[in-house]
1. Being of a type outside the set (Lys, Arg), part of a loop (DSSP other than H, G, I, E, B), more than 23 Å from residue 341 (Cβ to Cβ) and modelled with pLDDT of 95 or more narrows it down to one residue among 107, 129; which is it?
2. When you go through 84, 89 one by one, which is the residue that is under 22 Å from residue 348 (Cα atoms) and surrounded by fewer than 24 Cβ atoms within 10 Å (Cβ to Cβ)?
3. Have a look at 67, 63 and point out the one that is at pLDDT below 95 and in contact with a Gly (Cβ under 9 Å, 6 or more places away or on another chain).
4. Taking the condition of being in contact with a Ser or Thr (Cβ under 8 Å, 6 or more places away or on another chain), surrounded by fewer than 18 Cβ atoms within 10 Å (Cβ to Cβ) and charged (D, E, K, R), how many residues in region 292-321 meet it?
5. Out of curiosity, is residue 118 in contact with a helix residue (DSSP H, G or I) (Cβ under 8 Å, 6 or more places away or on another chain), at pLDDT 95 or above and assigned by TED's automatic domain parsing to the domain that holds residue 321?
6. Give me a count of the residues in region 293-313 that are more than 14 Å from the chain's Cα centre (by Cα) and either small (Gly, Ala, Ser) or assigned to a loop (DSSP other than H, G, I, E, B) (or both).
7. Kindly indicate the residue of region 192-242 that is within 25 Å of residue 286 (Cα to Cα) and among the small types (Gly, Ala, Ser) and also surrounded by the fewest Cβ atoms within 10 Å (Cβ to Cβ) among those meeting that condition.
8. At least 2 residues that are touching a residue at least 24 places away in the same chain (Cβ under 8 Å) and not aliphatic (A, V, I, L, M) in each: list the strands (runs of 3 or more DSSP E) lying fully within region 156-247 that qualify.
Amino acid sequence: MAAAAPIIQKQWLVQGTDKGFDGLVYQDAPVPKVGDNDVLVKLRGASLNYRDLIIPRGEYPFPLRLPVVAGSDGAGEIVAVGSKVTKWKPGDKVVTLFNQGHQAGPVTVAASKTGLGGCIDGTLRQYGVFNENGVTRMPKNLDFVEAATLTCAALTSWNALYGLKRLRKGETVLVQGTGGVSLFALQFAKAAGAAVIATTSSMEKAEFLKKLGADHVINYRENPNWGEAARKLTPNGEGVEHVIEVGGEKTMTQSLQAIKMEGVITIIGFLGGPKPKESTMEALNHVCTIRGVYVGSREQLEEMVAEMEKHDIHPVVDKTVFTLDKAREAYDYMWAQKHFGKIGIKIE
C-alpha cells in the first residue's frame, strides 16, 4: 500500500508571462484534494518541452490560464483514488495525458483548453490530482523519468505517424534534427519496419542517429538541398511518406522537395521561424498533406505505451537529470541548448 500523502508539498508556479523564467516561483502549496472521479498521484518524474520554456516568456500560441503549476510531462504512483474511481488503485504507476480532455478522436476546441501546465495545474510538483481519465498506464519497461517524457514529445510523434495516415512497414520517414519528437519518430518508425532518413549538422549527432537506427543521415549544413538528397534515397526516387517538420520557414521548402505524392508533412514546431515562406498552394503542387498536430489523445497514448513495451523502446534522456528544486536550472539548460534528447527531472 502506498504511503499517505502529506498536507504540504513543493511546486513550481508560472505566475505570469512578463518576467520570463523569473516568473517561475518555487513555493510551498497544499496537496490538492481528491474528488470523486480523481486520482492523487505522487509524481516521481517530469520532463521539459520547448512549450514549457515559451509559456513564461509569453510566446505560447495556445490557451493559458495563469497562474498555473508548470509542466505537462509527469509519471508517478497513485496514492489515493476518489470514491467513484474503478479503473485505478493505489500503487498503480501512471503517465499524465497532455490535454486532459482529449480522450479519443480529433482534438476539439474544448479539449485544447485542458492542457497541463497551461490551463490546468501541471507536473512540476510532488503531488497532483488528475481525473481518472487524465492518466494512462506507465510502460513496464521504463523508469519514472523515462516514462515522464512520453506525455508530449512521444505522443506528438506517435500522432504524426499514426493519427492521420498510419505508417506502414517498408515506408520511409524523414526526421529533422535530434529533438525529442524527432528521436521518438525515428524509434517508432524503426519498430514499425520503416526506413528512416535523418538530418543533422553534427558528425557526433550523426553517429548517434545511426546507432539509434537511422538508415541514412544527411548533414544539412554540408548539403543545403537535403530535401532532394532525401528523395533520391527512397525507392525509385519517389520521396518519403512522412516528414516530421520541426523548423517552419527554414525547412518547409526542403520538406516539400522530399515528400512523396500523397505523403504527409506533419508540422510539430517552428524552430526556424513562425512564418513559412511556402504558400499553402504548395500542398497542391506537391500533392501532399501538410498537417499540424496538438499532441494526441488518451487512446493514442495507450496504443503507444503498448508498442513501447512490445519493442522495449527507451526514450533518449539527456545525461544531466535535474531534481525538482533545480527545475529552474533545467529551464536555463534547455534554453541554452545544452541538452541532447529529453530533459529529465527526478521528483522525491
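The values are calculated or read from the model by the stated rules, or taken from the named source; none is laboratory data. For clarity, every value in this text was computed on a predicted model and none was experimentally measured. All Cβ positions, glycine included, derive from the backbone under ideal geometry; neighbour counts span all protein chains shown.
1. Result of the check over 107, 129: 107.
2. Exactly one residue qualifies, and that residue is 89.
3. 63 is the lone residue from the list that is at pLDDT below 95 and in contact with a Gly (Cβ under 9 Å, 6 or more places away or on another chain).
4. Residues in region 292-321 being in contact with a Ser or Thr (Cβ under 8 Å, 6 or more places away or on another chain), surrounded by fewer than 18 Cβ atoms within 10 Å (Cβ to Cβ) and charged (D, E, K, R): 1 in total.
5. Criteria met by residue 118.
6. Going through region 293-313 one residue at a time, the tally reaches 4.
7. Only one residue tops the list, namely 237.
8. Of the strands (runs of 3 or more DSSP E) lying wholly inside region 156-247, those with at least 2 residues that are touching a residue at least 24 places away in the same chain (Cβ under 8 Å) and not aliphatic (A, V, I, L, M) span 172-176, 240-245.
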